[in-house]
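Single-structure report; data block below.
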Amino acid sequence: MAANSSSTVSKPSNSTGGKQSGPSAEQVVAAFQRMRTEQRSMASKAAELEMEINEHSLVIETLKDVDPTRKCFRLVGGVLVERTVKEVLPALESNKEQISKIVESLNTQMQSKGRELTEYREKYNIRLVGEGEEGRGKSAASSNGGEGSASKGGAGVLVS
């Protein structure tokens, strides 16, 4: 019996601190802000890469009308190198395709991060400043009909 009580004492001390009370409001907000920041950085990187794709497309379209033996210069790793159009054009097209694949990957990651954010918001009842109270009031009223969500009703977190 003593062995059982000592083993149960160590387990509840860990679980009571973390599972019964859950994370504090500050921890919830910090985690939410971190996820939003990650999603925003992905979006800005995707926008940056989209601009690079547009630049590549513009250069490719310009070089298609030029004589393939004509000299052109390309910036490689901070060094300007002299090549011919026929050498540079395939490399540009390949780079454009690779950048497009990266953008597609970033977009799928952003979508999954968005779903994760939505689930997190619903789990902790997070409301953003400026978000319409009427729309949230209807969804909160419908979700409070269930027994499990009734305990979460008053534990909302407001994020600025």
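Matching residues to (1) within 30 Å of residue 159 (Cβ to Cβ); (2) free of Cβ contacts under 8 Å to residues at least 24 places away in the same chain; (3) surrounded by 10 or more Cβ atoms within 10 Å (Cβ to Cβ):
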position: 30; (1), (2), (3): yes, yes, yes
position: 41; (1), (2), (3): yes, yes, yes
position: 63; (1), (2), (3): no, no, yes
position: 78; (1), (2), (3): no, yes, no
position: 84; (1), (2), (3): no, yes, yes
position: 88; (1), (2), (3): no, no, yes
position: 109; (1), (2), (3): yes, no, yes
position: 112; (1), (2), (3): yes, yes, yes
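The single condition among (1) out of contact with any Lys or Arg (no Cβ under 7 Å at 6 or more places or on another chain); (2) assigned to a helix (DSSP H, G or I) that residue 80 does not satisfy is (2). Taken together, the residues in the range 114-130 that are closer than 27 Å to residue 51 by Cβ and surrounded by 11 or more Cβ atoms within 10 Å (Cβ to Cβ) amount to 3.
Scanning the range 65-76 for residues that are open to solvent by 100 Å² or more (accessible area, probe 1.4 Å) and in a loop (DSSP other than H, G, I, E, B) yields 65, 70.
Meeting the requirement of 3 or more residues that are at pLDDT 95 or above and β-branched (Val, Ile, Thr), the helices (runs of 4 or more DSSP H) wholly within the range 83-152 are 85-124.
The values are calculated or read from the model by the stated rules, or taken from the named source; none is laboratory data. Just so it is clear, the structure is predicted and the values come from calculations on it, not from any experiment. Glycine gets a Cβ as well: all are built from the backbone with ideal geometry, and neighbour counts include every protein chain shown. What goes into the accessible areas is simple: the full protein's heavy atoms, side chains included, and nothing from ligands, DNA or RNA. Shrake-Rupley method; radii C 1.70, N 1.55, O 1.52, S 1.80 Å.
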